[in-house]
1. Return only the number of the condition from (1) free of Cβ contacts under 8 Å to residues at least 60 places away in the same chain; (2) under 13 Å from the mean Cα position of the chain (by Cα); (3) in a loop (DSSP other than H, G, I, E, B) that Met318 does not satisfy.
2. Check the range 271-289 and report whether any residue there is of a type in the set (S, T, N, Q) and surrounded by fewer than 18 Cβ atoms within 10 Å (Cβ to Cβ).
3. Do any helices (runs of 4 or more DSSP H) lying entirely in the range 135-248 carry at least 1 residues that are in contact (Cβ under 8 Å) with a residue 12 or more places away in the chain and within 16 Å of Thr287 (Cβ to Cβ), and which ones are they?
4. Within the range 96-110, is there a residue that is outside the structural domain of Pro17 (by TED's automatic domain parsing), modelled with pLDDT of 95 or more, in a helix (DSSP H, G or I) and over 24 Å from Ala18 (Cβ atoms)?
5. Would you mind finding the one in Ser292, Ser275, Ser305 that is part of a loop (DSSP other than H, G, I, E, B) and modelled with pLDDT of 95 or more?
6. Taking the residues in the range 279-303 that are touching a Lys or Arg at 6+ places or on another chain (Cβ under 8 Å) and of a type outside the set (Asp, Glu) as candidates, determine which candidate is nearest to Glu137 (Cα to Cα).
7. Picking from Val88, Val69, Val52, Val83, which residue would you name as being outside the structural domain of Leu268 (by TED's automatic domain parsing), surrounded by 11 or more Cβ atoms within 10 Å (Cβ to Cβ) and in contact with an Asp or Glu (Cβ under 8 Å, 6 or more places away or on another chain)?
8. Can you tell me which residue is surrounded by the fewest Cβ atoms within 10 Å (Cβ to Cβ) among those in the range 22-48 that are under 13 Å from Thr60 (Cα atoms) and in contact with an Asp or Glu (Cβ under 8 Å, 6 or more places away or on another chain)?
Amino acid sequence: MSNDLKTQIERFLRFHPASSRKEIAESINSSFSDATLKRAIAECIDRGDIEVEGKGRATTYSLSPQALVMMTYDIDTYFEKDVDQREVQKFFNFDLIKNILPSVKLFTDDEMTELNALQEEFKQKISQLSKVIYDKEMERLGIDLSWKSSQIEGNTYSLLETERLLKERKEAKGKSREEAIMLLNHKDALKFILQEPDYLFPLTVSHIEDIHSLLIKDLGVTRNIRSTRVGITGTNYQPLDNEFQIREALHDTCDLVNSKSNVFEQALLALVLLSYIQPFEDGNKRTARITSNAILIAHNYCPISFRTVDSIDYKMAMLLFYEQNNISAFKQIFIDQFRFAVKQYF
């Protein structure tokens, strides 16, 4: 079956569930025959990418939850279209956290084999380290995390300037006071997590708010869950603007994360969903990165610094999740950064 045809079918069903074969055929810009289309749909059904309802002429097709969340996107091709030309999930998807993600397997068997092997490698490494060396390595990772997490948000400190600030509290010349505060807040948040490794698991809304408070201290950002609208540059996705609904979405996220037995799934879900909900006026992605790491640390897993991720790649992967509820690009970033952390530190 042509991968192009499969892609066209799945992209159409993403925003047109419960469609007939005729409706699918009319949406496809190609010369595929009806027999080819029928065969392609059948193969998608066999793989679990498409679900079927009804019989005969009343038969309709919808994308499965697994395919919706996990189907592969060529992210460069996706973003070749202007923000106003992309067909997107414009508003918060209430089904995503409660009804879709609970049934989705986020990592393939091969991916889990690699991640588990990396975690075993991490455990072997730290078992041979003294506390002094372990603390030094954790400090190094924390500096990298503070730098990259802040850089993703537009902070202009270099890695060396960040190291000097966090170790000696010497601010870089020509940089704003707010940039220094952002970095120092990351250090304080990570220090808190290391001192209280069980604080964020099980995950609770109040504890997420506490981490956010550490990260936005002295930055003029409101601490509480927002009650006003917030916009996101580069996308037409609009997060919730109702405080009650935001809090409910956070509670649902905590329930989902806590229900998962797979630590990697817990950490990945916290990372993307806190960013998706955008519960705070500012500092959402920073809170998501620290929370995700707190989950890893709570289970004695290797934390992630995100040091080698490109800031634009990170943002594009996040925008893909906002607009399509698709986690494939961001999952790859998570795997790559976990691999880097195990190999680079300790």
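The values are calculated or read from the model by the stated rules, or taken from the named source; none is laboratory data. Predicted model, so just to flag it, every value in this text is computed and none were measured. As a convention, Cβ positions derive from the backbone with ideal geometry for all residues, glycine included, and neighbour counts pool all protein chains shown.
1. (3)
2. Within the range 271-289 (the criterion being of a type in the set (S, T, N, Q) and surrounded by fewer than 18 Cβ atoms within 10 Å (Cβ to Cβ)), the answer is no, since none of the residues qualifies.
3. In the range 135-248, the matching helices (runs of 4 or more DSSP H) lie at 177-195, 205-215.
4. yes
5. Ser305
6. So, considering only residues that are touching a Lys or Arg at 6+ places or on another chain (Cβ under 8 Å) and of a type outside the set (Asp, Glu), the one nearest to Glu137 (Cα to Cα) is Asn300.
7. That would be Val88, the only listed residue that is outside the structural domain of Leu268 (by TED's automatic domain parsing), surrounded by 11 or more Cβ atoms within 10 Å (Cβ to Cβ) and in contact with an Asp or Glu (Cβ under 8 Å, 6 or more places away or on another chain).
8. My answer is Ile45.
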